[in-house]
Each structure stands twice: as structure tokens, then as C-alpha cells.
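Report on one structure; see the data block that follows.
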Amino acid sequence: MQTIVDIFLGFGVLADLKIITFLIGGFLIGTFFGAMPGLTSVLAIALLLPFTYSIDVVPALVMCASIFMAGMYSGSITATTINIPGAPSSMMTALEGNALMKQGFGANALGHAALGSIIGGVIGTLMLIFLMPIASDLALWVRTPGKFSLIFFALAVIIFIDTGSTEKSLAAALFGIMLATIGIDVLEPVARINFGTEILTQGIDLMPLIIGAFALSEILVQAENWNVKATRIDPNDPVALIRRRDFIPKMSEIRQIGLWTYLRSALIGYSTGVLPGAGGSMAAFVSYAEANRRSSQPETFGKGSREGIAAAETANNAMCGGAFVPMMMFGIPGDATTAVVLGVLIINGLQPGPQLLDNQMDLIAPMFGSLLISALILIPLTLFLMGPYFIRIVRIPQGLLYSGIAVVALVGSYVATFSVFQMTLAVVFGVICYLLRREGYSIVPLLLGFILGPDLEQYFRRSLSLEDGNPIVFITNPDSLVFLLLTAAFVFAIRRRKRSSEA
Amino acid sequence: MTQPRSKFLFGLSPVPIGLAIFTTLYLWQAFYIRSSFGGGQLVGPKFLPIVAALMMYGAIATIVIRQIRDKSDARFNLQGMARPAKVVLVTLLYVAAFPFIGYALSTFPYVLVLYFIFEFEAKRPIRRIGFAALTTAVFYLLYAVIFGIRLPGFEVPF
């Protein structure tokens, strides 16, 4: 209980004008990146990463949280207006929202998307805050063999959950793990895979990998697809004209969607967020499918269902709260965005774990506050003030946009450590990740393999050394056994789902 | 849409080949790892590298076999890679020049060339130059003025 009180007391830091500026700035950046097709909130936070060397940790975390929440919400903007999801998690919103847009109810659809995002974001954040002490106690219960099994579970889920080829996800994750072993060993003062060079003895930093994987590879992908023209909106098209008062959803429509739809979707979103690697897309899809199944009007789905929009958007914003749980308690990112946020924590010397709540509450609580304020205040405010202008976001020339991103990415990778080697590494990883993406390899397993690989190895070797090298310790230890059984159950369930969808 | 089989690498993707080369070099280096506690331990600093490398070989073999068997799979081709290759080349030149000729002198031409590659303001070269200068200035403002970061200036290499 005291932990919860401390968290709410920590919100007071947000009263500082400088922090508020970062919060609002982050929200606007997240809205822009989330709305623009081809850009994501992950990219926004990846570009922010080098700046965290120059700013305090509290504004950095506040900004990351607001970018995350904004990015999840703003994908619905272009999804509804021009049928191009700004974020993968808005695919279902594109299906329903754009259908409503064509019927002349575009503003209404955006209003329902915003309402779902507000409710999901608030519930997800409150669940994060109120369940955090329980998660913290649970984290203390997990011993060294259990930590290995938990990370193994996380990597297995990420590899098997990927919609593409499992072998390619495995290869990507292994590639990340192998990159992470370059440098000094996790337990002994031994250089590994350095080819006798001093520079590789220092290891590979997380930042050039993130910049290369998310920013530079995206630029190369966009360069390859350059002949694809973005949909242009005729300024005289009446469908494109949206009025502010039309954004407010009608009470009759909200009653028809029903409180249970919102609550159930929020719970699905939060729970999905806790699962490593699942992300907003899965949260939105599962919630949408469940809403379709339970709806009293299933025939409206696919033709402009407000219930479908509410379910998808509530879930993907509730996911934001859930994704922070494994990241903060175990250092296991819930999705790609929290993987990069974990990078921000590590760069600023913060170690994930239960001690984070005990010792660093003054740094973490403002981040929770940022999630809450972004969901409760900034989403409706942004929609009402800027809603009629959202459509113009996609009119920004992409040549201008991607050139700017290239400069921010490269100069950012330099200023963090003043190292040209880091810049070069970012370019190398950008090329590698572009080729991987081109051939259907997912980048998320690569990134998570890189982040989790050292801990996986460390806990494995420490567990064996505690039991004189006997691997039975992973079975005899109850927490380890639980996670190994969970791994088997999830892998079985995911493979069965994949087989039935292929049939 | 199924793409025609390319003559490059018989249509096979170069990614598994690249991964195999990397894994072989990696494994070669892994055998040189020596524990600081002497021999005798099975699970030491070289354990995970060797296991990861062997698993990677297995994954690569599965991917290649699947690719050869699945004739309907889209084949690797070089189509569309010209523009990304240009971006990579100009980016590498930018990275090489950045510490020596400084932020402004390297970033302005870099941005200008990127605009050219992405066909931004293709019919208005004066505006293109103007935007390149503006972009360079805006990011200088962001890094050097707002965040107070020292960006490299022109350095005489001798």
C-alpha cells in the first residue's frame, strides 16, 4: 500500500514546468510518429536515445512514456482518415474507422478511437500502479534458476509468436545473442569474439543497434519502396472535412458499445502487454476478435463497427501499462518500445528489478504519471485542438522527412559517445537489418536476443555453479519449473494456433 | 506476388549465406576463448557462443532447405536495391567526412544528396538547396544550442 502511495506522491514532480514541457513535447512527437505511416513510436524513442545522455533521467523517462502512449493512440488517425494504419496496432481501426469515414462519420470514428485509447490507457496505467507491489514481491520470489527460465520463456514466446517463419525468428534472436557475447564475458574477465582487436573487446553498444535497426533500416526500406505513392487527399473532398464538435461520441453509441467491452478490452490489453514480445498489434487483434465474438451486432464488424474500434483502441493503449511490468521487474521488455525504454534505463544506470521501486521511486513514479496524464488529458486535448489538421500530417514530403531522420539518427549516434565507430556501427546494423527485414526476418527477436542474451547466460552459468554443474537444478527449483512448463504450454498453444490458421 | 527466379545466387537469399559466414568466423573465435579459472568446466565463457553457433547452423539449414523446397516462395532479387545502395554509399561518405570537415560542411551536402535520391523538390533545385540549408541549421540549433552538445568543426588533418 505504501508503494502505491509513494507512486502517487511521485507524480508531484510533474508539476515542474521543464518536466511538463518534455511530457507534452514527447506526446506531440509520439503523435506525429505514430500517425505517419512508416514511422513508429519505437523509432521516435530510438532517436531520443542519444539525447538521454544530455538530459536528466526523469524528463527522459517521462518523454518515453508519453511517446509510447501517444504512438499507440495516434495510429488510429491515418488509419481512419486514409486507411493507412500509422502503427501496426491500428490495423483493425483502419478496417472499421475508414469504413465509417466513407459513410461521413470520420470525426465520430476518431472520437471513439480516442475514447477507447483514454479508457484503455487509464485502466492499463492504474493496473500497472496497483499491481506493481505484487509484481515486485513476485520478482523477489524468483531465484537464479527461475530467472534463467523466465528469460528463456520470454525469448521462446518472442520467437514462436512471430507471424513469419519460426526459423527466421530463431536465427534473428540467435544473431542478437551472438552479438551480445562480443566483448568481455559476463562473469569472468575474459575477452570473447574480439578477433584480437581492442575495439571489439569493448563490446557492441545497444545504441547503434537500436538506431541502425529502427531508424536507418527503415530509411533503406522506404528508399526501396519509393515508387509507392502515398494516398493524396483532395482538399475539396467533403469526406476530408472534419469539424471539432463531431469528435465527441454520442452517449447512445457509448451505451451500445457497453462498459464491459471497454473493461474486457483493457484487461486483454494489459495482460497481453505483460507477455514479452506480444505488443499492441496482438492486444488489438485479440480484443477485436473477442468483441466480434460477443457482439450483439456482429454483422456490423468490417463495415464500420464502433464497437470494433473501441475494443481495438482500448486494448492497444492498455497494453502500454502491461508492457512496463516485465521490463521494470525483470528487465524483460514487453514489446519493442519498452525494449528501447529499457535501453534508456540502462544508459542512465538504472537496473531493473524490485529494488527499482524501493530505491528509485522518485525516478520511476513520474513516468507512471506521464502515462496517466497522456491518456487522460493529452489524448482528448490533442484530438479536440488538432483533430481537423490531422489529415495534413501525411502531406509532409517523405523525402524531407526521411532525410531529417537520417541526420538525427547518425548525428545522434555520434553525440552519445563522440565516437565515429558508433556511427559506423549504426550504418552497418542499418544495412544488416534492412537485408534481414527484406527477407522476412523480424528485428524484434534480434533486439531482444541482444538485450536478454547476457542475462540468459549469466543466470544459466550461475545456476549451474550453485549446483556443481548439475542441470537438474532447473527442474527441482519450483519457480524455474513453473516457467519451463509455461514455456512448453505457450509454445504448444501458439504452434497449434498457427497450424489451425494455416489449415 | 511470386517474383521471377533471379539469376543472382540462383534466387536464393544471401541472408542465410551471410549468417553462415558470420557464424563460422564467430565459432572460429569461440574456440580461442580461455577461461581464467583454467580448464575442467563444461559451462564456461565459451559455452554459450558454441551452443548459439551450432543452433544457428541448424536454423540456417532449415531456412535454406525450406527455401529450396518451396518453389512458390518469392525469390531474392536485386530489383529495387539501387536506391538503398545509393543511400548507404552516401551515408558512409558522410560518416567518413563528419569528424574531419565538421557538422555543417558534411551535413549540408549529405542532406542535399538525400533530397536528390528521394526526389524531393526535383523540379525546384533552388528550393532544394534552401531546404538542405534549413535542415542543417535546424538540427544544429537542436543539438548545439538547445542541448548544448559540441559538434565537430573543420579539422585540418595534418
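The values are calculated or read from the model by the stated rules, or taken from the named source; none is laboratory data. Source: prediction; values computed, not measured. Ideal geometry is used to build each Cβ from the backbone, glycine not excepted, and the neighbour counts take in all protein chains shown. Remember, those area values only see protein heavy atoms, side chains included, never the ligands or the DNA or RNA. Shrake-Rupley method; radii C 1.70, N 1.55, O 1.52, S 1.80 Å.
Quick look at the numbers
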| item | result |
| --- | --- |
| Answer from A:412, A:404 - the residue that is under 21 Å from residue B:103 (Cα atoms) and without any contact (Cβ under 8 Å) to a residue 40 or more places away in the chain | A:404 |
| Criterion (more than 17 Å from residue A:398 (Cα to Cα), open to solvent by less than 70 Å² (accessible area, probe 1.4 Å) and at the interface with chain A (Cβ under 10 Å from one of its Cβ atoms)) met by exactly one of B:153, B:148 | B:148 |
| Residue A:499 of a type in the set (Lys, Arg) and either farther than 19 Å from residue A:170 by Cβ or in contact with a Phe, Trp or Tyr (Cβ under 8 Å, 6 or more places away or on another chain) (or both) | no |
| Candidate set: the range B:113-133, residues that are facing chain A (nearest Cβ under 10 Å) and aliphatic (A, V, I, L, M); chosen: the one surrounded by the fewest Cβ atoms within 10 Å (Cβ to Cβ) | B:122 |
| Which listed residue is open to solvent by less than 10 Å² (accessible area, probe 1.4 Å), in a helix (DSSP H, G or I), within 30 Å of residue A:360 (Cβ to Cβ) and within 14 Å of another protein chain (Cβ to nearest Cβ), from A:60, A:44 | A:60 |
| Residue check, residue A:313 within 26 Å of residue A:164 (Cβ to Cβ), out of contact with any Asp or Glu (no Cβ under 6 Å at 6 or more places or on another chain) and open to solvent by less than 10 Å² (accessible area, probe 1.4 Å) | yes |
| Within the range A:374-404, tally of residues that are crowded, with 24+ Cβ neighbours inside 10 Å and closer than 19 Å to residue A:71 by Cα | 6 |
| Complete set of residues in the range A:192-203 that are within 14 Å of another protein chain (Cβ to nearest Cβ) and either part of a helix (DSSP H, G or I) or open to solvent by 30 Å² or more (accessible area, probe 1.4 Å) (or both) | A:195, A:196, A:197, A:200, A:201 |
| Residues of the range A:204-230 that turn out to be within 24 Å of residue A:408 (Cα to Cα) and more than 9 Å from chain B (Cβ to nearest Cβ), as a count | 15 |
| Condition met for residue A:12 (over 15 Å from the mean Cα position of the chain (by Cα) and small (Gly, Ala, Ser)) | yes |
| Selection count where residues are under 23 Å from residue A:174 (Cα atoms), open to solvent by 30 Å² or more (accessible area, probe 1.4 Å) and under 28 Å from the mean Cα position of the chain (by Cα), scope the range A:446-482 | 5 |
| Flag if residue A:352 is away from chain B (no Cβ under 14 Å), open to solvent by less than 10 Å² (accessible area, probe 1.4 Å) and not hydroxyl-bearing (Ser, Thr, Tyr) | no |
| Qualifying helices (runs of 4 or more DSSP H) (wholly inside the range A:75-191; at least 3 residues being touching a Cys at 6+ places or on another chain (Cβ under 8 Å) and either within 14 Å of another protein chain (Cβ to nearest Cβ) or open to solvent by less than 10 Å² (accessible area, probe 1.4 Å) (or both)) | A:106-141 |
| Cβ pairs under 9 Å, 6+ apart, first in the range B:69-97 and more than 9 Å from chain A (Cβ to nearest Cβ) and part of a helix (DSSP H, G or I), second open to solvent by 80 Å² or more (accessible area, probe 1.4 Å) and modelled with pLDDT under 95 | B:97/B:105 |
| Selection count where residues are facing another protein chain (nearest Cβ under 10 Å) and surrounded by fewer than 16 Cβ atoms within 10 Å (Cβ to Cβ), scope the range B:98-108 | 1 |
| Some residue of the range B:134-141 being of a type in the set (Val, Ile, Thr), modelled with pLDDT of 90 or more and either under 26 Å from residue B:82 (Cα atoms) or crowded, with 20+ Cβ neighbours inside 10 Å (or both) | yes |
| Members of the range B:3-46 that are open to solvent by 60 Å² or more (accessible area, probe 1.4 Å), at pLDDT below 90 and in a helix (DSSP H, G or I) | B:8, B:9, B:10 |
| Residue under evaluation residue A:373, criteria (1) under 21 Å from the mean Cα position of the chain (by Cα); (2) under 20 Å from residue A:136 (Cα atoms); (3) not small (Gly, Ala, Ser), criterion not met | (2) |
| Residue match in the range A:406-417 (condition: more than 11 Å from every other protein chain (Cβ to nearest Cβ) and open to solvent by 20 Å² or more (accessible area, probe 1.4 Å)) | yes |
| Residue in the range A:355-373 that is surrounded by the most Cβ atoms within 10 Å (Cβ to Cβ), counting only those that are among the polar types (S, T, N, Q) and farther than 15 Å from residue A:320 by Cα | A:360 |
| Residue within the range A:349-357 that is within 13 Å of residue A:118 (Cα to Cα) and among the hydrophobic types (A, V, I, L, M, F, W, C) present | no |
| Selected residue [in contact with a Phe, Trp or Tyr (Cβ under 6 Å, 6 or more places away or on another chain), assigned to a helix (DSSP H, G or I) and aliphatic (A, V, I, L, M)] from B:101, B:63, B:126 | B:101 |
| Qualifying positions in the range A:275-301 - buried (at least 22 other Cβ atoms within 10 Å of the Cβ), touching a Phe, Trp or Tyr at 6+ places or on another chain (Cβ under 9 Å) and touching a residue at least 60 places away in the same chain (Cβ under 8 Å) | A:275, A:276, A:283, A:288 |
